[in-house]
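Below is one structure, written out as structure tokens, with a few remarks after it.
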Amino acid sequence: MYTLIFVVLFVLLISTVLSRLGVLNLFGVSIVFSSSMEPSLRRGDLVFYINTGYQVGDVIVYCRTPSYCVVHRLVDVSPYNRDVLITRGDANPVDDPPVSRDVVRGRVVFSIAWEFWVPLSVLFTAFALYDIARSGALGYSYVILFAIMFTYILAVYALIPQPIIYESVEPPLVMLSGVYFNPADCSVDIRYRGGLSLTNVSVHVNSVYLDVLWFGEREVVIRPPPELLGHSFEYRRPLVIEVYAQLNRIGRLLGNYTLLVGGRDLEPVVQNGVLFIKNPNCFPVTANVSVRYSDGAVWSWANHTYVLEGYSYVAMEVPEGYRYAYAYIYWLNQGDLKWIGLPLRIG
């Protein structure tokens with residue numbers, strides 16, 4: 001009976017060592033040393049894995065070094081590179097760094113709780129050593145010596161730092177296609193091109209957090225506050241757009257872009273002695289109006305400031321009693337002072 005058990009354990013040990021070394025990867029065992037997989041797997045559980053097919057949702061074993069292996073669940077496969085896997089512990093809030101298929105040793109097929117395998121292992125070892133010592137072939141001193149040597153070998157192996165196996169993972173590429181301002185509704189369209197998709201997005205404009213109107217695999221649409229757009233249009237101050245995004249769980253995007261907001265000039269017209277100033281833009285524009293009045297002898301000035309909201313207009317009439325009136329309208333466009341003078345009443 002002992003012979004059969006020893007043979008099974010010896011084959012399992014040799015297969016595990018070869019699997020860890022990547023020489024002949026068939027099957028093996030591994031012990032869970034952390035609580036990252038709870039409640040599926042607990043600290044101290046013994047897992048058995050087989051080098052067979054696996055898919056998203058399976059628990060796999062991958063080894064960074066022959067003595068450092070990780071038992072985590074496969075949560076995604078990179079669409080950009082099918083040889084790059086994304087894993088995560090069930091109890092972990094974030095994904096692990098990308099893993100190459102080359103370091104995967106197999107899929108976990110079953111596990112044994114530590115409450116069962118640890119006592120059984122201790123009992124089996126104790127009975128085996130007792131049986132060997134009692135047989136007379138070896139004395140108690142030899143059994144103790146072998147136990148000490150075995151413990152010493154395990155301790156030395158655990159203390160020797162193993163070389164790190166470096167993985168060559170091709171970095172994911174996402175490139176900016178363009179940043180476009182839509183003057184019809186004051187939205188900004190940020191477009192990308194590349195092999196990865198946006199999975200989570202947040203945007204700041206001039207250090208102000210904005211709600212994202214919509215985002216797709218390679219596109220983000222936002223609407224900056226009208227005041228920022230108007231200020232950019234008037235003073236030629238570019239918007240500073242910061243985009244933070246996750247890319248298919250295998251990377252992150254940090255984009256910093258500038259955008260100048262263009263627009264049309266104000267449209268002042270006079271109809272029946274009434275001054276109308278129209279704002280054809282979707283954002284507010286400030287108009288300063290200076291009106292020169294005269295009753296035929298004395299001239300006087302009146303100044304008015306209007307903030308015209310997007311697609312709005314303002315109307316201003318000349319007070320009664322004045323025979324002459326001229327209006328001078330001023331506004332800013334890309335830092336340039338624009339103006340126009342119009343007669344409101346002549347004689």
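Restricting attention to region 235-247, does a residue exist that is farther than 17 Å from Asn206 by Cβ, aliphatic (A, V, I, L, M) and not in a strand (DSSP E or B)?
no
Based on this model, can you work out whether Leu26 counts as surrounded by 13 or more Cβ atoms within 10 Å (Cβ to Cβ) and free of Cβ contacts under 8 Å to residues at least 12 places away in the same chain?
Considered against the rule, which asks whether it is surrounded by 13 or more Cβ atoms within 10 Å (Cβ to Cβ) and free of Cβ contacts under 8 Å to residues at least 12 places away in the same chain, Leu26 comes out as no.
Taking only pairs six or more apart or across chains, which ones have beta-carbon atoms under 7 Å, a first residue in region 29-54 that is over 14 Å from Trp114 (Cα atoms), and a second residue that is surrounded by 15 or more Cβ atoms within 10 Å (Cβ to Cβ) and hydroxyl-bearing (Ser, Thr, Tyr)?
Pairs found: Tyr49/Ser30.
Take Gly89 and decide whether it is closer than 23 Å to Leu247 by Cα, surrounded by 15 or more Cβ atoms within 10 Å (Cβ to Cβ) and of a type outside the set (Lys, Arg).
yes
Out of region 75-94, which residues are without any contact (Cβ under 8 Å) to a residue 60 or more places away in the chain and in contact with a strand residue (DSSP E or B) (Cβ under 9 Å, 6 or more places away or on another chain)?
Passing the criteria: Val77, Asp83, Leu85, Thr87, Arg88, Gly89, Asp90, Asn92, Val94.
Suppose the filter is touching a residue at least 24 places away in the same chain (Cβ under 8 Å) and not assigned by TED's automatic domain parsing to the domain that holds Ser100; does Thr286 pass it?
yes
Within region 246-253, is even one residue surrounded by 13 or more Cβ atoms within 10 Å (Cβ to Cβ) and either without any contact (Cβ under 8 Å) to a residue 40 or more places away in the chain or not assigned by TED's automatic domain parsing to the domain that holds Asn206 (or both)?
Within region 246-253, none of the residues are surrounded by 13 or more Cβ atoms within 10 Å (Cβ to Cβ) and either without any contact (Cβ under 8 Å) to a residue 40 or more places away in the chain or not assigned by TED's automatic domain parsing to the domain that holds Asn206 (or both).
Identify all residues within region 259-284 that are part of a strand (DSSP E or B) and under 18 Å from Gly341 (Cα atoms); write none if there are none.
Of everything in region 259-284, those that are part of a strand (DSSP E or B) and under 18 Å from Gly341 (Cα atoms) turn out to be Glu267, Pro268, Val269, Val270, Gln271, Val274, Leu275, Phe276, Ile277, Lys278.
Take the residues of region 307-347 that are among the basic types (Lys, Arg) and assigned to a strand (DSSP E or B): which is modelled with the lowest pLDDT?
The extreme case among them is Arg345.
Scanning for something in the same structural domain as Gly178 (by TED's automatic domain parsing), aromatic (Phe, Trp, Tyr) and free of Cβ contacts under 8 Å to residues at least 12 places away in the same chain, does region 224-233 turn up at least one residue?
no
Would you mention how many residues in region 219-254 are modelled with pLDDT under 90 and closer than 17 Å to Phe181 by Cα?
Number of matching residues: 0.
For Tyr166, all conditions in the list (1) surrounded by fewer than 10 Cβ atoms within 10 Å (Cβ to Cβ); (2) closer than 25 Å to Asn51 by Cα; (3) at pLDDT 75 or above hold save one; what is the number of the exception?
(3)
Need the failing condition index for Asp295 against (1) modelled with pLDDT of 90 or more; (2) of a type in the set (Asp, Glu); (3) in contact with a Phe, Trp or Tyr (Cβ under 8 Å, 6 or more places away or on another chain), just the number.
Answer for Asp295: the failing condition is (1).
Somewhere in region 95-105, is a residue within 26 Å of the chain's Cα centre (by Cα) and without any contact (Cβ under 8 Å) to a residue 12 or more places away in the chain?
Looking for residues that are within 26 Å of the chain's Cα centre (by Cα) and without any contact (Cβ under 8 Å) to a residue 12 or more places away in the chain, one finds at least one in region 95-105, hence yes.
The values are calculated or read from the model by the stated rules, or taken from the named source; none is laboratory data. Predicted model, so just to flag it, every value in this text is computed and none were measured. Positions of Cβ are generated from backbone atoms using ideal geometry, with glycine treated the same way; all protein chains shown enter the neighbour counts.
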